[in-house]
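*Asks:* Pasting in a structure now, in structure tokens, and then I'll have a few things to ask.
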Amino acid sequence: MLTRRDTLAIGLGASALAALPLTASATPVDDAVAAFTGGAAVAEGGVTITAPEIAENGNTVPISVEAAGATEIMLIATGNPTPNVGRFVFGPGSGSSMVATRIRLGRTQDVMAIAKMADGSYASTAVEVKVTIGGCGG
Amino acid sequence: MTDVRPRIRLPRSASAGDSIVVKTLVNHDMESGQRRNSAGETIPRQIINRFTCEFAGVMVIDAYLEPAISANPYIEFEAVVPASGDFVFTWYDDNGDVYTATETFEVS
């Protein structure tokens, strides 16, 4: 005999199960950040992203990143199906820790840049880019 | 992929030891692997996954690219030119092809 109390308990159990995967595994963005930093602390600031506030065409969004003293910069599109955009390593012949490129954005989202500094520390910043027409799939 | 033609833009002149802006572009579809054709099948990924630039044998930039880089990947960066020498640009395609371009740069 299934009482009202039993049904309630079953329902609660099911919702708890459904919630589990969310808390157990990190988001793809967290994974991408951790893969780059190896879990080290990331400071805010020290990185400058230049991107349009509104991108009409998500297929090609001009973006420029600069971080004085960085040896590596990682770009992450937090709202794309695959967040990784690119990793730029500055060699000894580099003139400044700056790179400009054009990227695809699937929808309005934050674009994040993480810089690895010469002393091994990490710094990051993020800017929101509004996308009118998405650049993924189609 | 039809013929790949890299395009490089360097400043006209620079003094020894200057930092110059280098602009590069290569025509490539950068097929992301996310798109489907009219039959509903996924079009396999084929992108430029790495780009490097060296000046006189010294690494300037080494870039690892993902499908989120737009078609015809454009990369702009700065390089130090201590003396006259050759820039060597290399693009690595998913299919194993490697495209290179060389530009001689004279400092004044």
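Just so you know, all these numbers are worked out from the coordinates, no wet-lab data involved. Bear in mind that the values here come from a model prediction, so they are computed numbers and not experimental data. Every residue, glycine among them, receives a Cβ derived from its backbone with ideal geometry; neighbour counts consider all protein chains shown.
*Asks:* Just to be sure I understand the model, the point goes 7 Å from the Cα along the line to the Cβ. What's the resulting A:T132 to B:R12 distance in nm?
*Replies:* 3.6 nm
*Asks:* List B:F105, B:F51 from most exposed to least, where exposure is judged by having the fewest other Cβ atoms within 10 Å. Numbers along the way, then the final one.
*Replies:* On the way: B:F105 19, B:F51 25.
Fewest-to-most Cβ neighbours within 10 Å comes out as B:F105, B:F51.
*Asks:* Under a Cβ-only charge scheme (Lys and Arg +1, Asp and Glu -1), can you give me the dipole magnitude of the protein assembly as shown about the Cα centre, in debye to the nearest 20?
*Replies:* Numbers: 17 positive and 27 negative charges, 151 e Å.
Computed about the Cα centre, the dipole is about 720 debye.
*Asks:* Once you sort the root eigenvalues of the Cα gyration tensor of segment A:23-138 as a ≥ b ≥ c, which label holds: rounded (a/c under 1.5), prolate (a/b larger than b/c) or oblate (the other case)? The partial results should precede the final answer.
*Replies:* On the way: a/c = 2.10, a/b = 1.29, b/c = 1.62.
Cα axes put segment A:23-138 in the oblate bin.
*Asks:* Given charges of +1 on the Cβ of Lys and Arg and -1 on the Cβ of Asp and Glu, with all other atoms neutral, how large is the dipole of segment A:28-131 about its Cα centre, in debye to the nearest 20?
*Replies:* Values: 6 positive and 10 negative charges, 61 e Å.
So the dipole magnitude of segment A:28-131 works out to roughly 300 debye.
*Asks:* Shifting gears a bit: Points 7 angstrom from Cα along the Cβ direction at A:T108 and A:I54: gap in nanometres?
*Replies:* So the two model labels end up 1.0 nm from each other.
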